[in-house]
1. Mean residue ellipticity at 222 nm from the helices of the chain, using -39,500 (n - 2.57) per DSSP H segment of n ≥ 4 over the full residue count, to the nearest 500 deg cm²/dmol?
2. Just in segment 86-130: which trypsin sites (Lys or Arg not before Pro) are loop by DSSP and have at most 14 other Cβ atoms within 10 Å?
3. Under the rule of at least 5 residues apart or a separate chain, name every residue whose amide H is placed under 5 Å from the amide H of residue 28.
4. What list of ³J(HN,Hα) couplings, whole Hz, do you get for segment 50-61 from phi and the Karplus terms 6.51, -1.76, 1.60, once you set θ to phi - 60° and write x for glycine and proline?
5. Please provide three numbers in whole Å: the alpha-carbon extents of the chain along the principal axes, with the largest listed first.
6. Could you work out Rg/(2.2 N^0.38 Å) for segment 35-103, with Rg from alpha carbons only?
7. When the chain is fully extended, how far beyond the present Cα-Cα distance does residue 60 get from residue 98, taking 0.36 nm per residue of separation?
8. Can you tell me what share of the DSSP beta bridges in the chain is antiparallel? A percent to the nearest 5 is fine.
Amino acid sequence: MEKNILQINKTIYDEIIGHAKSAYPHECCGALVGKGKVVVKARLMENINKERANDRYGINPKELLKIEKEASANGLDVIGFYHSHPDHPDQPSAFDRERAWAFYSYIIISVQNGKDVSVKSWTFEDEKEPFIEEEVIILDL
């Protein structure tokens, strides 16, 4: 099986790390916009899960639809999502896997004590398979 590689510009990468730090001790979330496996924009989104914001995130479907329409108008797609795990590893939870869609990239930012510790991206191609880690290449453009 060929290795999955997600490419992201350093400015965008820094933006999502900043979002994760500023949301701490709650989870943050956002959409990754691009083409194929190349992220060209991150869209910060509000975590609408207020009851369990420390360990769950929710995305407003209307906000996502708006982002999808904007991306499409610019010849782009929503290619994935990111969210943070405050004081937890950058490994997807069972909840993360249940809610995920095939072929999308899922960046998870582990934030320990308000500082970013590690970032990994995950994907899968078949509904029955578990997440597989994909390499993240940060482009310094």
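Laboratory data are not the source of any read-out in this text; all were calculated from the coordinates shown. What you see is a predicted model; the values in this text were computed from it and never measured. Heads up, the Cβs are rebuilt from the backbone with ideal geometry, glycines too, and the neighbour counts pull from every protein chain shown.
1. On the way: 3 runs with 33 residues, N = 141.
Computed ellipticity for the chain at 222 nm equals -7000 deg cm²/dmol.
2. Details: sites: 97, 99, 115, 120, 128; in loops: 128.
Within segment 86-130, the qualifying trypsin sites (Lys or Arg not before Pro) (loop, at most 14 other Cβ atoms within 10 Å) are 128.
3. 84
4. 7, 5, 10, 4, 6, 9, 8, 10, x, 10, 6, x
5. Extents along the principal axes: 36, 33, 33 Å.
6. Details: Rg = 13.2 Å, N = 69, 2.2 N^0.38 = 11.0 Å.
Expressed relative to 2.2 N^0.38 Å, the Cα Rg reads 1.20.
7. On the way: separation 38, 0.36 × 38 = 13.68 nm, distance 1.75 nm.
Stretched out fully, the residue 60 to residue 98 stretch lengthens by 11.9 nm.
8. Details: 23 of 37 bridges.
Just about 60 percent of them are antiparallel.
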